[in-house]
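In what follows, a single structure is set out as structure tokens and then discussed.
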Amino acid sequence: MDSNKTNEQNCIISTLCTIAGVKGKCHVLCPHWITIHGATGEGGRLFAANIPRQYMHTTLANSPVEESQPEAYAVIEKYVESFKKMFDTALPEKDRIKSLYLCSHITGTGKTTTAIAIGNEYLKYQYVGSIKRGLKPKRRPVYFMSMNELQTLYSEATRPNVPKEIAERASGRYYENVESMKNVDLLVFDDIGLRSSTEAFTSDIHSIINYRNTMIKPTVYTSNIPLQDIGSMYSKQIWDRTRDMCLEIAFSGESKRGFRR
Ligand SMILES: Nc1ncnc2c1ncn2[C@@H]1O[C@H](COP(=O)(O)OP(=O)(O)O)[C@@H](O)[C@H]1O
Ligand SMILES: [Mg+2]
């Protein structure tokens, strides 16, 4: 370990941490770093949250998207400020946070990056706020899932003519994921507008969304279909309810995919 090198650039909780950047204290053996990022930097709570590896350091503060989506970020920064209040004081139920719906017709406007940044901020405030109040931080307060990943798991679990053990394992993984998506405090559900493969799969999506609505659990959705049109893809009733609980945020402009600064 290089004892001159501190670790605050890599660690998502550094903006809230009193030893961030302190030589001899802020390093890869810090127990908070290991809890959140894992001993390898690719484990810990971020791994448990299923955050894709390339986004494990993404927060609102370092998101490259902010510059080109100032209006969206103004709203989102306010939204994230409510996490701080929520975990520093344990807000009453009526003040629970809303769901978000990040939307643009085209890809590459920064929706996924931003949705994950919000998820990581939630994880960060949940962790630090719990410690401040003398509570044990939750192991998995946030879960990330993309429609594509869930659909792949579903196809593996339902593919015909595979050995029984393999099918059972795939099915187990699929249902574990569905359970996590239902029960986690904040779900980041990426690409909800992607067309689903079968009716049975669509019905699982409904049960996840419906359960979360009933339990008043917030979800950050990303989509290429405006909120007012998504009902025609899924059940209208469920989306009428979801719409009431959701703040829609438009991502404007052209695709920044492959854009390097
Ligand atoms: N507005 C932006 N400014 C700078 N980079 C961006 C912006 N939007 C997206 N990117 C970059 O482009 C890539 C794709 O972004 P992503 O978040 O996947 O967009 P979307 O989910 O809207 O398709 C990422 O590497 C991201 O960092
Ligand atoms: Mg995306």
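Filtering 214, 198, 242 for residues that are of a type outside the set (A, V, I, L, M) and under 22 Å from residue 75 (Cα atoms) leaves a single hit, 242. Scanning the range 229-261 for residues that are of a type in the set (S, T, N, Q), more than 18 Å from residue 194 (Cβ to Cβ) and more than 16 Å from ligand 1 (Cβ to nearest atom) gives a single hit, 237. The helices (runs of 4 or more DSSP H) falling completely within the range 180-261 that include 2 or more residues that are of a type in the set (D, E, K, R) map to 199-214, 236-245. Scanning the range 61-72 for residues that are buried (at least 19 other Cβ atoms within 10 Å of the Cβ) and touching a residue at least 24 places away in the same chain (Cβ under 8 Å) returns 63, 65, 69, 72.
Could you please let me know if residue 192 is hydrophobic (A, V, I, L, M, F, W, C), under 22 Å from residue 71 (Cα atoms), within 16 Å of ligand 2 (Cβ to nearest atom) and under 23 Å from the mean Cα position of the chain (by Cα)? Judged against the criteria, residue 192 is not a match. Exactly one residue among 105, 57 is more than 16 Å from ligand 2 (Cβ to nearest atom) and surrounded by fewer than 19 Cβ atoms within 10 Å (Cβ to Cβ), and that residue is 57. The residue that is surrounded by the most Cβ atoms within 10 Å (Cβ to Cβ), among those in the range 176-216 that are aliphatic (A, V, I, L, M) and either within 16 Å of ligand 1 (Cβ to nearest atom) or under 14 Å from residue 50 (Cα atoms) (or both), is 188.
Take the conditions (1) in a helix (DSSP H, G or I); (2) touching a residue at least 24 places away in the same chain (Cβ under 8 Å); (3) buried (at least 18 other Cβ atoms within 10 Å of the Cβ); residue 170 misses just one of them, which is (2). Checked against (1) polar (S, T, N, Q); (2) more than 18 Å from residue 76 (Cα to Cα); (3) surrounded by 11 or more Cβ atoms within 10 Å (Cβ to Cβ), residue 232 passes all but condition (3).
The set of residues in the range 195-224 being among the small types (Gly, Ala, Ser) and either under 15 Å from residue 153 (Cα atoms) or over 17 Å from the mean Cα position of the chain (by Cα) (or both) consists of 196, 197, 200, 203, 207. From the list 181, 233, exactly one residue is at pLDDT below 90 and within 18 Å of residue 102 (Cβ to Cβ). Which is it? So the residue among 181, 233 that is at pLDDT below 90 and within 18 Å of residue 102 (Cβ to Cβ) is 233.
The values are calculated or read from the model by the stated rules, or taken from the named source; none is laboratory data. Predicted model only: the values in this text are computed from it and were never measured. Because the Cβ atoms are built from the backbone with ideal geometry, glycine has one as well, and the counts that use them run over all protein chains shown.
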